[in-house]
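Taking it in order: structure first as C-alpha cells, then the write-up.
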Amino acid sequence: MSEHFDAIVVGAGPAGNSAALVMAKAGLKVLQIERGETAGAKNVQGAILYADALERLIPEFRDEAPLERHVVEQRVWLLDERSHTGAHYRSDDFNEDRPNRYTILRATFDQWFAAKVREAGALQITDTTVTELVRDEGGRVIGVETDRDGAPLYADVVVLGEGVNGLVGQRAGVRPELDPQHVALAVKETIFLSEEAVQDRFNLDGEDEGVVIEVMGSVSAGMVGTGFLYTNRESISLGVGCLLSDFQETQIPAYVLLDRMKSHPSIAPLIRDGETKEYVAHLIPEGGYDAIPNLSGDGWAIVGDAGQFVNSAHREGSNLAMTTGRLAGETVAALKREGLACNEANLKRYRHALEQSFVMKDLKKYRRLPGVLHGNKHLLTAYPRAISQAMQTFLRVDDVDKRSKERRMMSQFRAARGGWWNVFTDALKMARAWR
Amino acid sequence: MDAVFDHDTDPEDPGRRGLNLVVCIKQVPDSAQIRVHPVTNTIMRQGVPTIINPYDLFALEEAMRLRDQYGGEVTVLSMGPPMAEEALRRALGLGADKAVLITDRRFAGADTLATSYALASALAKLGAERPIDVVFTGKQTIDGDTAQVGPGVARRLGLNQLTYVAAIDLLDRATGEIVVRRRAEGGLQVLSSRLPCLVTVLEGVNEIRRGSIEDMLRAARAEVTVWSAADAGIEDPQQCGLKGSPTLVKRVFAPTPREESAEMVAVDGKRPAQIADAVLDLVFAHAPKLETELGAAPSEKERR
C-alpha cells in the first residue's frame, strides 16, 4: 500500500524545514525525508543565524532554540602573509532584546528546528535517501522513490531542499549539474576553548556576546575566496572557502589552506591551546543570480542551496534558505487552500514571491560579482599586500619625512597594480559589481 | 513475579498470537564522539550524538528474526530520560512493533541494581498484559560495560538466563523449550532452557536489518508508550535511581595520554622481505633480548 501526501519535502536543512513547517502549520499532510541519521547530521555551515528569517517562521525561537552567542562586533580583515588591516564595528546597540545575528552550532540547532517541524504535524523520516522523482505519463512529478524497500511515496508536490549537491534534482533533470565555477569548497574546524578564554580573547562581556571576523587576502592563496572566524559559547568556528574551479586549478589542498590560516600571526593567538573537535568540508553554491535553475515545474519546487540561494558578498545563505522554503511552503499552502493544482503555471507564484523579496533583489544586485572576482583575482592579493605595505610605511617612525612617506606609499600602491590606470579600472569594476 | 510469564494463565492466548518478545535497549552517547573537557576533566555530554547501544541491535535483530519465523511481536523497552524516546523510535524504524519508555526523575543516577529493578517492574507489567516468551538484552552497554543489567533483570523475575548467546537454534512454544548456542571460555555451549527466559545476545551474530519505508512511516507515526515509575508498577521508589544504587562514583577522570613515540623507517628497495628485515632490525635494536628469544627463527638474510 502506498501513501499519498499533500507534499513531500526532501531534506531537513533550513530550507526543507521551513517549507515543511509552513505547510504543516497550514494543515497540509506533509512528509519530510532526510538522508542523515538525524536532521542536521549532514548539514554544515559557518554558522551565523540571521534572526529575521527564522523569526518569521518561529517568533518565539529565542526562548527555545540552541543559540550560542549574539553578534555584537563585526571585524573585516585584509590579510597578507604576516599582517592584517582591519575594520571593526562594535555596538552596544546589538545587545538588544531581540538580537539580529547569532552564532549557532548546526548539529544541535537543526535538531531543534526539525523537532519544531514535527510538532507542527509533519511526518519526518531520517536515514532515508530519496533516489528518484516519480513522474506520471505526462511528465508531472507525483512522488519519490527512496533507498528503502517499499512502494513509492506519492504527493501533489515535491519540494526539493536537498542541498547544494543533492542528486535527486540533477538525476531528474530539474537541476543542472554543478559548475565548478559556481560552487565554493569550504573547510571548517570547530576548536574548543573554555568560555572564559573565548570571552577574554575577543573582549566579550559574558557568555552571550559574540564576535564575527571575516577574512580576505592571503588566506585564499590567490584564489577567489574568504575565511571566517566565529565565536561560539565554548568554541570557535574557523574556516576558509574558495571556488572549486580555483582549487582544481591551483591543486592546493583545502586543509593546507586552513592550516595556513590557523598559523597566521594574527589568528594563531586567538585559537592557541584550543582542541579541534570537528573538521568538516562543504560545498557552497556561489554562482549567484545567473546560476539559479528553474525553481518549479509540474509537481515540484526547489528551495535553499539546491536553488543556488547564497549571497556570497554578504555571507548570507541560511536566511535565504529559510526564506525560499517559507515562500515555497506558503505558495503550496495557498494553492491548496484555493483548490488549485500544484502544476507548472500555478507554482510560478513561488518565483514571483521570490522576485518581490530581498532574496532575488539582493542576488540580482550582485549578479556580476562572481564573474568580476573570477576574472580579477589580483583584487584579493595585490590590494591587501599594498595596503599592508602602506600601513607599515605610515606607522614606522624614522628619519624619513612625512611627505616622502606619503609619496612612497602612493608609488608602492601604484606599483602593486602596475599603474594607476589599473587601480582605476579595478575600482570601476568593483563599483559596477556592487551597484 | 514469574507467574506473569506463565502462558497457562493467559486465557486469551492459546498460541495463536505468536511470540511476545521484549528487547531492552539503552540510548547511549556515541562513545566514538565523546570528549573530555580539557580543563575540568568531566565528560562533555552536550552535543554528543546518541545511538542505540550497539550490542542491543544484535538482540533486536535476533528477536525480530524469531518473530518473522514464528509470528508474534517485538516490543522495545527502555529506561532513560525523555529524549530516549528517540532511540525507541529508531528501533521502531528498524522493524520493532511497539515501544515503551519508562522515564521518571526518580530513575536518575541509577546503577545496574536500580536499573534492573525498574526494568524488571516494567517487564512484569508488560507480562501481566500479555505473557512474555523471551526478554532480550545486548551483551552489555558501551557506556557502562558491566553486563549486569540483563542478569539482574532475570534474577529479579526468576527467569532462566542465557548469556553471551551466539545463536538461537530452536524455540518451541508447544514444549516451552529454547535451545541456544552460548559462547563460553574454551568453546561453544549448547544450552536448553524452559520458556520464558532472558537472553543476552553477543555482538556480531547477525546484522541489523534496514527497515522498509513502511517501517519508517510507522515509526514516525507511532506513539511511544511512556510510563512513569508509578505507571510501570514500581512499588518501592527507594529502590530506584540514586537512592536504590549502592554504587558510588568516586571520581571521573581522563586517562593521561600515553607518550606515543613512533619512528619512521626508511627502507631502500620495495620487496616485502627487505622491508620486514629493516623493521625487525629496528625492533631488535630496541629490544636486544627479543632477538635471542626468537633466535630459532632464521631471518630472510640468513635463509639466503
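Tell me, please, whether a residue that is of a type in the set (A, V, I, L, M, F, W, C) and over 27 Å from A:GLU214 (Cβ atoms) can be found in region A:54-67.
Within region A:54-67, one or more residues are of a type in the set (A, V, I, L, M, F, W, C) and over 27 Å from A:GLU214 (Cβ atoms).
Looking at A:GLY150 and the list (1) assigned to a helix (DSSP H, G or I); (2) modelled with pLDDT under 95; (3) within 14 Å of chain B (Cβ to nearest Cβ), which single condition is not satisfied?
(1)
Matching residues to (1) crowded, with 22+ Cβ neighbours inside 10 Å; (2) out of contact with any Phe, Trp or Tyr (no Cβ under 9 Å at 6 or more places or on another chain); (3) of a type outside the set (Gly, Ala, Ser):
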position	(1), (2), (3)
B:ALA166	no, yes, no
B:VAL190	no, yes, yes
B:SER193	no, yes, no
B:ILE208	no, no, yes
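Go through region B:210-235 residue by residue and tally those that are within 11 Å of another protein chain (Cβ to nearest Cβ), within 23 Å of the chain's Cα centre (by Cα) and crowded, with 16+ Cβ neighbours inside 10 Å.
Selection size over region B:210-235: 4.
Mind listing just one residue for me: the one in region B:21-75 that is more than 27 Å from B:SER121 (Cα to Cα) and among the acidic types (Asp, Glu) and, of those, modelled with the highest pLDDT?
Applying the filter and picking the extreme gives B:ASP68.
For region A:93-111, name all the residues that are within 19 Å of the chain's Cα centre (by Cα), buried (at least 16 other Cβ atoms within 10 Å of the Cβ) and more than 10 Å from chain B (Cβ to nearest Cβ).
Correct list: A:ARG101, A:TYR102, A:THR103, A:ILE104, A:ARG106, A:PHE109, A:ASP110.
Could you go through region A:59-73 and let me know if any residue there is closer than 18 Å to A:ARG326 by Cα and touching an Asp or Glu at 6+ places or on another chain (Cβ under 7 Å).
Yes, there is a match, as at least one residue in region A:59-73 is closer than 18 Å to A:ARG326 by Cα and touching an Asp or Glu at 6+ places or on another chain (Cβ under 7 Å).
Suppose the filter is more than 27 Å from A:THR250 (Cβ to Cβ) and of a type in the set (A, V, I, L, M, F, W, C); does A:VAL359 pass it?
Working: more than 27 Å from A:THR250 (Cβ to Cβ): yes; of a type in the set (A, V, I, L, M, F, W, C): yes.
Considered against the rule, which asks whether it is more than 27 Å from A:THR250 (Cβ to Cβ) and of a type in the set (A, V, I, L, M, F, W, C), A:VAL359 comes out as yes.
Just to be sure, is A:LEU270 hydrophobic (A, V, I, L, M, F, W, C), more than 21 Å from the chain's Cα centre (by Cα) and part of a helix (DSSP H, G or I)?
Working: hydrophobic (A, V, I, L, M, F, W, C): yes; more than 21 Å from the chain's Cα centre (by Cα): yes; part of a helix (DSSP H, G or I): yes.
Judged against the criteria, A:LEU270 is a match.
Condition first: more than 14 Å from every other protein chain (Cβ to nearest Cβ), closer than 30 Å to A:CYS342 by Cβ, touching a residue at least 60 places away in the same chain (Cβ under 8 Å) and part of a strand (DSSP E or B). Can you find one or more residues in region A:38-45 that meet it?
In the first step, residues of region A:38-45 are kept if they are more than 14 Å from every other protein chain (Cβ to nearest Cβ); the result is A:44-45.
From the residues that got through so far, the ones that are closer than 30 Å to A:CYS342 by Cβ too are A:45.
So of that shortlist, the ones also touching a residue at least 60 places away in the same chain (Cβ under 8 Å) come out as A:45.
Now restrict to residues that are part of a strand (DSSP E or B): none.
No, there is no match, as no residue in region A:38-45 is more than 14 Å from every other protein chain (Cβ to nearest Cβ), closer than 30 Å to A:CYS342 by Cβ, touching a residue at least 60 places away in the same chain (Cβ under 8 Å) and part of a strand (DSSP E or B).
State all residues of region A:178-213 that are charged (D, E, K, R) and closer than 21 Å to A:ARG368 by Cα; if no residue qualifies, say none.
Within region A:178-213, just A:ASP179 meets the criteria.
Inspect region A:321-330 for any residue being assigned to a loop (DSSP other than H, G, I, E, B), at negative phi and touching an Asp or Glu at 6+ places or on another chain (Cβ under 9 Å) and give the result as yes or no.
Among the residues of region A:321-330, not one is assigned to a loop (DSSP other than H, G, I, E, B), at negative phi and touching an Asp or Glu at 6+ places or on another chain (Cβ under 9 Å), which makes the answer no.
Given the condition more than 14 Å from every other protein chain (Cβ to nearest Cβ), surrounded by fewer than 18 Cβ atoms within 10 Å (Cβ to Cβ) and not in a strand (DSSP E or B), answer yes or no: does some residue in region A:74-87 qualify?
Looking through region A:74-87, at least one residue is more than 14 Å from every other protein chain (Cβ to nearest Cβ), surrounded by fewer than 18 Cβ atoms within 10 Å (Cβ to Cβ) and not in a strand (DSSP E or B).
The values are calculated or read from the model by the stated rules, or taken from the named source; none is laboratory data. Predicted, not measured: the structure shown is a model, and the values here were computed from it. In this analysis, Cβ positions are derived from the backbone assuming ideal geometry, glycine residues included, and neighbour counts consider all displayed protein chains.
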